[in-house]
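A quick write-up on the structure given underneath.
The values are calculated or read from the model by the stated rules, or taken from the named source; none is laboratory data. For clarity, every value in this text was computed on a predicted model and none was experimentally measured. Virtual Cβ from ideal backbone geometry, glycine too; neighbours counted across all protein chains shown. Please note that ligands, DNA and RNA were not included when accessible areas were found on the heavy atoms of the full protein model with its side chains. Shrake-Rupley method; radii C 1.70, N 1.55, O 1.52, S 1.80 Å.
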Amino acid sequence: MRYALISDVHANLPALEAVLGEVEARGEADAIYHLGDLVGYAPWPDEVVSLIRERAIPGVAGNYDSTVGTDHPHCGCRYEDARQEELSHISYEWTRRHVCADTRRYLGALPFRIDVRPLGGHHGGPRLVLVHGNPVLNTVYWTEDRSDRFCQEMAGKVAAKAGDVIAFGHTHRPWHRVVAGVHMVNTGSVGRPKDGDWRAGYTVVRMAARDVEVEHVRVEYDVERAAAAIRASELPDDFAEQLLAGGAQSSDGAASGGTE
Ligand SMILES: [Fe+2]
């Protein structure tokens, strides 16, 4: 089975359209799943959710989805400085005000986790486990430099065995590690990458009985259209600049590590 995994679209409709177009053009995905954070930071939350629903793409709740969906007072984001905190609040309040009731209900109903069995439910394994951030919380970063011990602890939370895959997003940076035989796959971000590459990112996971292959894919899209729409909205222009740069830049020029 081949899975196209898309995460952190963040209301960026042109990026989502480009990724779905690429998945379709390749014609190799048996299923598409989203890993949450469909909304926030760009001006198409309803349109992105509509497209996901129209294509019947199942998925899990990101911190943005579960907070907008339940009208929580805070998006669960983490900040590196006061300016980032201010920007995050503006984005969250804008999104809360602009999503329709139908979108809010959909976001609030998303499950925390989905387990998939590529060989069928009558086989015990391997499994593909889908979450947004990690198996415990959708707000905590699972970065590539986490210790083996942390990775094994997370794998233990879902009783993952060698050959299983745990896929997630949330950090907006793609990576793949194997710890004690368990594949940990960060699928990157469709609509708000933070690794310095502006192109939309998604990940293809191919699973067979004893084989796992992971491919991180990048897709060019009309980033100028996204940037122009952000500038034309009440959202801060900073978000347009961040999209064009492939990630937020802090004052010392390093890519920002804030949690979204
Ligand atoms: Fe996110």
Check your understanding: Can you tell which of 36, 108, 21 shows the greatest fluctuation in a Gaussian network model of the chain with Cα springs below 10 Å?
Key -> 21
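Can you list which of the GluC sites (Glu not before Pro) found in the stretch 208-238 are DSSP loop residues with at most 13 other C-beta atoms within 10 Å? Walk me through the numbers before you get to the answer.
Values: sites: 213, 215, 220, 224, 234; in loops: 220, 234.
For GluC sites (Glu not before Pro) across the stretch 208-238 that sit outside H, G, I, E and B with at most 13 neighbouring Cβ atoms in 10 Å, the list reads 220, 234.
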Review point. Taking a ≥ b ≥ c as the square roots of the eigenvalues of the Cα gyration tensor of the stretch 50-189, is the shape rounded (a/c under 1.5), prolate (a/b larger than b/c) or oblate?
Key: oblate
Point to revise | By accessible area with a 1.4 Å probe, ligands and nucleic acids excluded, highest first: order of 151, 100 | key: 100, 151
Review point. At a Förster distance of 35 Å, what's the computed FRET efficiency of residue 81 paired with residue 222, Cβ-Cβ distance as r, to 0.05?
Key: 0.70
Review point. With θ set to phi - 60° and the Karplus curve 6.51 cos²θ - 1.76 cosθ + 1.60, what are the ³J(HN,Hα) couplings of the stretch 215-228 in order, to the nearest whole Hz, using x for Gly and Pro?
Key: 10, 8, 10, 10, 10, 6, 8, 7, 5, 5, 5, 5, 5, 5
Point to revise | Whole-number percent relative contact order across the chain, with pairs defined as alpha carbons under 8 Å at least 6 apart | key: 23
Check your understanding: Each residue of the stretch 188-194 in order: what ³J(HN,Hα) in whole Hz does its phi give by Karplus 6.51 cos²θ - 1.76 cosθ + 1.60, θ = phi - 60°, with x for Gly and Pro?
Key -> x, 10, 5, x, 7, x, 10
Review point. Using the Karplus equation 6.51 cos²θ - 1.76 cosθ + 1.60 (θ = phi - 60°), what ³J(HN,Hα) coupling, rounded to whole Hz, does each residue of the stretch 80-94 give in order, writing x for Gly and Pro?
Key: 9, 7, 4, 5, 4, 5, 4, 4, 5, 5, 4, 4, 5, 5, 4
Review point. Using only helices, what value at 222 nm comes out for the chain when you add -39,500 (n - 2.57) per DSSP H run of length 4 or more and divide by the total residues, to the nearest 500 deg cm²/dmol?
Key: -9500 deg cm²/dmol
Practice item. Report, in whole Å, the centroid distance computed from the Cα atoms of the stretch 184-233 and the stretch 73-131. Key: 16
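Between residue 72 and residue 140, what length in nm is gained on full extension when 0.36 nm per residue of separation is reduced by their alpha carbon distance? All intermediate terms of the calculation are to be shown ahead of the outcome.
On the way: separation 68, 0.36 × 68 = 24.48 nm, distance 1.72 nm.
Here the answer is 22.8 nm.
When only C-alpha pairs under 8 Å and at least 6 residues apart count, what is the relative contact order of the stretch 107-188, in percent? All intermediate terms of the calculation are to be shown ahead of the outcome.
Values: 152 pairs, mean separation 20.6, N = 82.
Value for the stretch 107-188: 25 percent.
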Exercise for review: Enumerate the amide H contacts of residue 59 below 5 Å, restricted to partners 5 or more residues apart or on another chain; note that Pro and chain-start residues carry no placed amide H.
Suggested key: 34
Point to revise | Percent carbon-and-sulfur accessible area, the chain, ignoring ligands, DNA and RNA, probe 1.4 Å | key: 48
**Study point:** Among 222, 195, 81: highest mean-square fluctuation, GNM of the chain, C-alpha pairs under 10 Å
**Key:** 81
Practice item. Quickly work out the residue 153-to-residue 102 label distance, labels modelled 7 Å from Cα along the C-beta direction, and quote it in nm with one decimal. Key: 4.3
Exercise for review: For helix 45-54, report the angle its Cα long axis makes with the longest principal axis of the Cα atoms of the chain; keep it between 0 and 90° and round to the nearest 10°.
Suggested key: 30
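Send over a whole-number figure in Å² for the accessible area per residue of the chain, probe 1.4 Å. If you can, show how the numbers build up before the last one.
On the way: 10500 Å² over 260 residues.
Dividing the accessible area of the chain by its residue count gives 40 Å².
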